[in-house]
Amino acid sequence: LSTVFSTNPGVSFFGDSYRKDGLVSYFAYAGIFAAAIKLRNRRHIKLILNIFVSSASVLALLGLLNIPAVNEYLFINPGDSVFCNPNHYGYYICMSIMSAVLLCSSNGADGCGKKKKALFFVIHAAELVLLANALIACKTLGSLLAVIVALIALVALSLFAVRKRFWHVLIAAALIFASAGISSAGVWDMKAESTRLFTDISTVYDAISGEQVDEEALNAVGSVRGLFFRNAVKFIGERPVFGYGPDNLGERYRESGITTNDRPHNEVVQFASSIGIPAAVFYLLAMFFHLLMFIKKFRRLDIVTLCAYAAVGAYLVSSLFGNTMFYTTPYYFMLLGISYALIKNLGCESIIVVKNSRA
């Protein structure tokens, strides 16, 4: 409906030449999600995640090596790899690093032998180190914050939900923090980033609490994301039901005098302004009920399900500062579908075992 009533149905159907995030891509996201929720076998889920993580690790390794001939042949840039923007690479690494945490934390849970378990741990630990380095290389603060928040939550929740795996989670988190800390030395001024972050938080807090805030300071929040965000809120009021159409905010931004960006850098606001308030509400309700399933089954959680939720949570935090893209969002819907499949079928395996034993 949003595409039909769009101010430019052609762009909304196919997406623009850069983002390619029109209705066609939305159908692809829906198909990936629908396929993922049908997964039942955990070995298949781990196989998919192993392919995802190992591919990301190869990209991270190539970025770390930074060999000019290889970079030119594979179209790799050190800061953003094969992506068009370092932020997009950050979204991708955010999801892949949390998937690697899942694999590392659940290592040996399937009952493999000690030698195999040790080998897999070394492989997954190496992947974590490489991905942590890539997370620093792309210098995307939103993705870094998302990983930090997700890891802290995962460590805390694992202590209550899956205590037997707590040390596995803690070791994985420690590897990431240590690797990121070492990688950032002389590369990324974290002190300056922290100062800027707290300044932005203070500015937003003052604005919300009714204090007099300079408009330029408010627009500059989050590397000018404040300007994009505030204009998108205005666009929502102009077309609240169906929005301006998928991937069709660029023209409206240009009409407002903004030529450097076509998104609000907040996915919920993006949905509300491009496909309408009802669509954004449906999305938020879906996330709420997905979280509700997690709360209801918290006492029965296993490490794989908990880590899958942490991966989804990391992306959701990152999405508060990011945009959907045709080559990153599919991985989110894959992980969302996997987490749904895991939580939906949690406990079914034990029921089947009991029934078979009784038979």
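The values are calculated or read from the model by the stated rules, or taken from the named source; none is laboratory data. Small disclaimer: the values here were computed from a predicted structure and weren't measured. Here the Cβ is made from the backbone with ideal geometry for all residues, glycine too, and neighbour counts use every protein chain on show. Accessible surface is based on the protein model in full, side chains and every heavy atom, while ligands, DNA and RNA are left aside. Shrake-Rupley method; radii C 1.70, N 1.55, O 1.52, S 1.80 Å.
Quick rundown of the values:
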item: Subset of segment 189-201 (residues that are over 17 Å from F229 (Cβ atoms) and in a helix (DSSP H, G or I)); result: M190, K191, A192, E193, S194, T195, F198
item: Every pair of residues 6+ apart whose Cβ atoms lie under 9 Å, when the first sits in segment 312-324 and is surrounded by fewer than 24 Cβ atoms within 10 Å (Cβ to Cβ) while the second is charged (D, E, K, R) and not in a loop (DSSP other than H, G, I, E, B); result: L316/E267; S319/E267; L320/E267; F321/R225; N323/E267; T324/E267
item: Checklist (1) open to solvent by less than 70 Å² (accessible area, probe 1.4 Å); (2) more than 25 Å from I182 (Cα to Cα); (3) of a type in the set (D, E, K, R) applied to D80, failing item; result: (2)
item: Test for D206: is it within 30 Å of F271 (Cβ to Cβ) and either at pLDDT below 90 or not β-branched (V, I, T) (or both); result: yes
item: Segment 64-89 residues that are in contact (Cβ under 8 Å) with a residue 40 or more places away in the chain, paired with ones that are open to solvent by 70 Å² or more (accessible area, probe 1.4 Å) (beta carbon under 8 Å, 6 or more apart); result: P78/N66; G79/K139; C84/Y18; P86/K139
item: Condition met for G181 (without any contact (Cβ under 8 Å) to a residue 40 or more places away in the chain and either at positive phi or assigned to a helix (DSSP H, G or I) (or both)); result: yes
item: Meets criteria (out of contact with any Gly (no Cβ under 9 Å at 6 or more places or on another chain), open to solvent by 40 Å² or more (accessible area, probe 1.4 Å) and either assigned to a helix (DSSP H, G or I) or under 30 Å from L197 (Cα atoms) (or both)) for L128; result: no
item: Hits in segment 33-45 (condition: assigned to a helix (DSSP H, G or I) and surrounded by fewer than 17 Cβ atoms within 10 Å (Cβ to Cβ)); result: A34, A35, R43, H44
